[in-house]
Every structure is written in C-alpha cells, then in structure tokens.
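Data block below; observations after.
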C-alpha cells in the first residue's frame with residue numbers, strides 16, 4: 001500500500017539579480033532577498049518533506065530571447081542547498097532549456113550519472129530521501145512527449161505525479177495552451193494505469209471568477225484538460241498550479257484545484273477587477289501538502305520577508 005506523501009509547493013519566485021520596479025508598486029521589490037527569506041523558513045522546518053515542487057516562474061523575464069540563463073542557474077543552485085529533491089514545472093517567465101538542464105543535471109548527479117543531458121536519456125533515476133524510500137523520475141517516449149516541452153512523470157512512495165508544460169507561443173502569453181501530444185499522453189497514461197496521480201503545471205486550467213485572470217492567465221484549452229480530469233476524477237488527487245500569485249482552491253466536477261501564492265509580489269483576484277494590479281506586501285507563500293490514502297490536505301503557509 002502506498003504510504004503518505006508530504007511535499008512543499010512554492011511558485012512564482014521571480015528571482016532577479018536586481019530589484020524589480022513594477023506598475024502600481026511604489027517601491028522596488030528585491031525578489032532575491034524575498035526568496036532568501038523563503039529558503040530560510042524552509043530550512044527551519046522540522047516536519048517531513050519528501051520533495052519540493054516549484055510550479056513555475058523561478059525568475060523574472062528569464063524567457064527573453066538571447067537570455068543567458070544565469071539567473072535560472074543561480075536560483076536553482078540556491079534551491080538545491082535546501083537538501084530536498086526539487087521538481088519543477090515551466091512558467092511563462094522561465095528559461096525552459098536551462099531549467100531542463102538544471103533539473104536533469106541535478107538528478108544525474110544524485111544518481112551518480114553525470115553524463116545525462118536530457119530527460120529522454122535518463123531512464124529511471126533514484127533520489128534518496130530521508131526515510132530511505134526512493135523518489136523516481138521516469139522519463140521516456142511516453143513521458144516527455146515533445147523535445148521542447150518539459151513534461152514528465154515521477155513517483156514517490158508508490159504514488160504518481162505528473163508535470164505538464166502549457167507554455168505556448170509568445171503570441172498568447174501570459175495565457176497557456178496544452179499541446180495535443182501532452183493531452184494524448186495523458187489519455188494513454190490513464191488508460192494504461194490504475195494508479196492515482198497528482199498533477200502540477202504553471203497555468204490555471206479553470207476560470208477563477210476574476211475578469212482579468214480569466215481573460216489573460218488561464219490555459220486556453222483548459223476545458224479539454226478538465227474534461228480529462230473529470231473523466232478520471234476518482235484517480236486525480238489534485239491539480240496544483242501557480243501563475244496567479246495568490247493561494248486559491250476550487251472543487252470543480254469532483255476535481256480539486258489549488259494554487260500557491262508568490263514570494264515576490266501578489267495579484268488581487270476579486271471578480272470585478274478588469275486589469276492586473278501589483279501588490280508588494282512582504283509575504284512569501286508556500287503550500288504544505290499531504291497526500292494520504294483517502295485524503296488530500298493543503299496547508300497554505302506565509303512567511304514574512306524583507307521589503
């Protein structure tokens with residue numbers, strides 16, 4: 001029988017070498033210092049954590065064409081110092097190829113295979129965790145369905161976790177779109193396995209009763225994805241996402257959706273808001289999540305940060 005899994009979700013850290021100046025914020029935001037505060041809080045925890053998952057936007061504007069990826073490599077290095085396996089989804093600000101490189105190299109080093117350069121070449125890779133049970137990253141033709149997309153499946157303590165990549169072209173940014181290959185791979189996964197699974201991606205697949213979010217931030221074909229989750233809702237433990245910079249949860253047709261807040265800046269999400277607003281209140285968010293045999297517990301946490 002699969003045992004309990006506990007993980008920490010963080011998201012939208014927007015790490016930058018330099019403080020950010022953003023519309024409607026009357027002060028610069030030092031996202032590097034805020035991430036440091038979040039890391040110190042994680043280091044202080046004495047409760048069990050099987051892995052950390054970041055649901056995208058590690059850095060700010062890391063996706064800009066010609067970017068070196070240095071900020072991505074730096075913040076990934078800082079996260080590795082926490083001492084837990086780190087998994088990730090791709091956000092609209094992320095440098096996808098460098099993020100893939102960081103993920104793969106981390107797993108390769110921990111498995112003693114430093115020659116691995118891409119998920120398709122990995123095969124089963126084990127990460128030791130505190131209780132001795134391995135965490136596996138399983139990659140192959142059916143788990144990384146497109147060279148450009150960072151989508152994969154991993155297991156921990158007998159439970160499956162799926163990471164989707166909905167970042168599409170700049171023409172629809174900041175909305176996302178899931179390609180047909182990933183949707184087909186999901187259909188094959190559910191058809192060939194009886195396991196329950198937990199899903200991670202950056203973008204919300206459902207509308208969230210906020211004008212500007214529903215217009216600009218969701219997965220364009222989220223209805224197709226939700227239909228698949230609804231069909232197999234008895235096996236989908238939860239769908240976790242970021243992008244909206246605030247914690248929110250919803251139960252739709254028996255499918256649990258939950259987001260994690262940002263450590264960098266926050267977006268109001270009331271129904272009447274027609275345009276995005278930036279708030280620089282000094283709080284970093286995280287979700288402490290417990291996946292049990294018949295339960296999912298999501299405990300939002302917030303950490304005071306330096307301004």
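Values quoted throughout were computed directly from the atomic coordinates according to the rules given, and no laboratory measurement underlies them. This one's a predicted model, so the numbers in the text were calculated from it and none came from an experiment. Here Cβ is always computed from backbone atoms with ideal geometry, including for glycine, and neighbour counts include all displayed protein chains.
Across bins of 10 angstrom width beginning at 0, how are the C-alpha pair distances of the range 190-277 distributed, in whole percent? Going from the shortest bin to the longest, the percentages are 17, 48, 26, 8, 1.
Our analysis of the range 231-277 gives Rg over Rh at 1.07, with the two radii drawn from alpha carbon positions and Rh computed by the Kirkwood formula. Spatial offset of the range 72-111 relative to the range 222-241 amounts to 26 Å, using the alpha carbon center of each.
The range 31-47 and the range 3-22 have Cα centres lying 10 Å from one another.
Ordered by the number of other Cβ atoms lying within 10 Å of each residue's own Cβ, fewest first, 159, 46, 215 fall into the sequence 46, 215, 159. Counting only the Cα atoms, the range 143-237 fills a convex hull of 97 Å³ per residue. Does the range 244-307 classify as rounded, prolate or oblate by the C-alpha gyration tensor (a ≥ b ≥ c root eigenvalues; a/c under 1.5 gives rounded; else a/b over b/c gives prolate, otherwise oblate)? Oblate is the answer for the range 244-307, as a/c is 1.5 or above yet b/c matches or exceeds a/b.
The listed peptides 88-99, 203-214, ordered by packing as a protection proxy, come out as 88-99, 203-214 (highest mean of other Cβ atoms within 10 Å first). Each eigenvalue of the Cα gyration tensor of the range 158-307, multiplied by 5 and square-rooted, gives one semi-axis; in descending order these are 26, 20, 13 Å.
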